[in-house]
Amino acid sequence: MKALITGITGQDGSYLADFLLDQGYQVYGMVRRASTENFDRIAHIKNRITLVQADLLDELSLMGMLEQVRPDEIYNLAAMSFVPTSWSQPILTGEFTGIGVVRMLEAVRRVCPKSRFYQASSSEMFGKVREVPQTELTPFYPRSPYGVSKVYGHYITVNYRESYNLFAVSGILFNHESPRRGREFVTRKVTDGVARIKLGLARSISMGNIDSQRDWGFAGDYVQAMWRMLQQKTPDDFVIATGKAHSVRELLRVAFERVDLDWKDYVVVDPKLIRPAEVDQLLGDSSKARRVLKWKPSVTFEQLVHMMVEADMERVRQEIAQGALPDIRPATRSAGRKGKTSK
Ligand code: NAP
Ligand code: G4F
């Protein structure tokens, strides 16, 4: 079996590639041209996968890629995925994250209509939530250009399935994290910050809204749900979530406690990091996936945060060993510097 992953250099793409290689797939990854290669997350498997250059902005490159690979399964994970950037680059976000999906679907329809297609939909589509918890039937109310673009990607996938009988599915995935998460997302920003503070490379972290809540799971679990969706007899859409929500404040507490520090001593709330429109609470109900896909998460919130803190502690220790000089004494619980936290 041949699988093609767009976004293979991202967090999910790299975990999915690991998983599909273990299942015996030939794995192809779409990468866009850059002046410097950015393949850190797939460095450990680079000899076992084939990379093909194409871009979500360029329809011909997508068709050429599909003609070359002729995949059995396509996982469309590529997108501009960072919500705050979608306000500063709303048009580009629409091009990548929204219209990029129909470019992929058109290429599939014309070149390899028998391929099975997975679209990376998002809980951000629920935005200002209409009900708690959110299911496959909850109406959407996106709160950012990113969320709006994902709604387009979601419905165009449903529409191509219904119009052209493609095996096309959307996974509505709630937030999922890992040591490979980009450092601008809140979990990784916190665990990287904790490691830097603990080991003396930083004094504080600036945060935005610490009252918002997310349903956070482990990315390694979530990519297995993507694969299960493409193994079904009939194409369908699924919510993937843990069913437990935690606030950013709890994230801070659990992460700092892991290294025996009190978060209130190190966190500064910066109003510039508050979003123009916030998604206050996301909480998913994945009972359909649990029943039909036999999928369930294996990592709890606390285990996830601990895993990420430990990975960042190890990485920062290596940075120090390679010459990154601590500018202050390593932090201890009593030596904390008071930040301006809100209680
Ligand atoms: P990520 O780490 O930001 O990775 C995004 C990937 O998209 C990268 O490989 C990036 O390539 C690629 N990409 C962006 N623009 C592209 C373009 N024009 N042409 C080709 N490739 C392009 O995101 P992730 O966390 O793995 O998420 C994967 C997908 O799931 C995304 O669609 C995201 O929106 C969605 N999603 C994520 C979550 C979550 O919690 N992680 C939840 C729901 C949905 P470069 O390396 O070249 O930048
Ligand atoms: O980690 P975040 O940036 O993730 P967000 O916005 O929920 O989006 C992620 O999950 C979506 C699924 O629901 C994906 F579709 C999307 O691609 C992405 O992976 O922020 C989480 C929460 C927000 O409420 C934000 O306001 O954390 C809050 N937050 C507070 N301080 C912060 C910060 N977020 C970031 N990134 N940085 C802060 O300093």
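A few remarks follow.
- Residue in region 186-193 that is away from ligand 2 (no atom under 15 Å from the Cβ), on the phi < 0 side of the Ramachandran plot and open to solvent by less than 10 Å² (accessible area, probe 1.4 Å) present: no
- Applying the set (1) within 17 Å of residue 8 (Cβ to Cβ); (2) in contact (Cβ under 8 Å) with a residue 40 or more places away in the chain to residue 108 leaves exactly one unmet item: (1).
- Among the residues of region 47-77, those that are aliphatic (A, V, I, L, M), open to solvent by 20 Å² or more (accessible area, probe 1.4 Å) and either within 20 Å of residue 102 (Cα to Cα) or within 17 Å of the chain's Cα centre (by Cα) (or both) comprise 57, 60, 63, 77.
- Scan of region 200-219 for residues that are charged (D, E, K, R) and within 16 Å of ligand 1 (Cβ to nearest atom), ordered by number: 214, 215
- Residue within region 237-257 that is modelled with pLDDT under 95, more than 14 Å from ligand 2 (Cβ to nearest atom) and either more than 18 Å from the chain's Cα centre (by Cα) or open to solvent by less than 60 Å² (accessible area, probe 1.4 Å) (or both) present: no
- The condition of being hydroxyl-bearing (Ser, Thr, Tyr), touching a residue at least 24 places away in the same chain (Cβ under 8 Å), surrounded by 18 or more Cβ atoms within 10 Å (Cβ to Cβ) and within 28 Å of residue 188 (Cβ to Cβ) holds for residue 81.
Table: residues versus (1) in a helix (DSSP H, G or I); (2) within 9 Å of residue 176 (Cβ to Cβ); (3) touching a Ser or Thr at 6+ places or on another chain (Cβ under 9 Å).
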{"site": "206", "(1), (2), (3)": "no, no, no"}
{"site": "220", "(1), (2), (3)": "yes, yes, yes"}
{"site": "229", "(1), (2), (3)": "yes, no, yes"}
{"site": "235", "(1), (2), (3)": "no, no, no"}
{"site": "244", "(1), (2), (3)": "no, no, yes"}
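- Filter result (under 15 Å from residue 50 (Cβ atoms) and not basic (Lys, Arg)) within region 1-13: 1, 3, 4, 5, 6, 8, 9, 13
- Filtering region 164-185 for residues that are open to solvent by less than 30 Å² (accessible area, probe 1.4 Å) and more than 16 Å from ligand 1 (Cβ to nearest atom) leaves a non-empty set.
- Filter result (closer than 11 Å to residue 219 by Cβ and either more than 15 Å from ligand 1 (Cβ to nearest atom) or outside any helix (DSSP H, G or I) (or both)) within region 1-28: 10
- Applying a threshold of 7 Å to beta carbon distances and a minimum spacing of six or more residues, or different chains, the list of pairs starting in region 276-303 at a residue that is among the aromatic types (Phe, Trp, Tyr) and ending at one that is open to solvent by 20 Å² or more (accessible area, probe 1.4 Å) reads 295/224; 295/228; 301/244; 301/246.
- Selection over region 29-56 of residues that are outside any helix (DSSP H, G or I) and within 16 Å of ligand 2 (Cβ to nearest atom) gives a count of 1.
- For first residues located in region 1-20 and touching a residue at least 24 places away in the same chain (Cβ under 8 Å) and open to solvent by 10 Å² or more (accessible area, probe 1.4 Å), partners that are more than 8 Å from ligand 1 (Cβ to nearest atom) and acidic (Asp, Glu) and lie 6+ apart or on another chain with Cβ distances below 6 Å form the pairs 1/72; 2/72.
- Scanning region 141-160 for any residue that is touching a residue at least 12 places away in the same chain (Cβ under 8 Å) and in a strand (DSSP E or B) turns up nothing.
The values are calculated or read from the model by the stated rules, or taken from the named source; none is laboratory data. From a predicted model like this one, the values you see are computed outputs, not experimental measurements. All Cβ positions, even for glycine, are placed from backbone atoms using ideal geometry, and neighbour counts span all protein chains on display. For the accessible areas, the whole protein counts, side chains as well, though only heavy atoms, and no ligand, DNA or RNA atoms are used. Shrake-Rupley method; radii C 1.70, N 1.55, O 1.52, S 1.80 Å.
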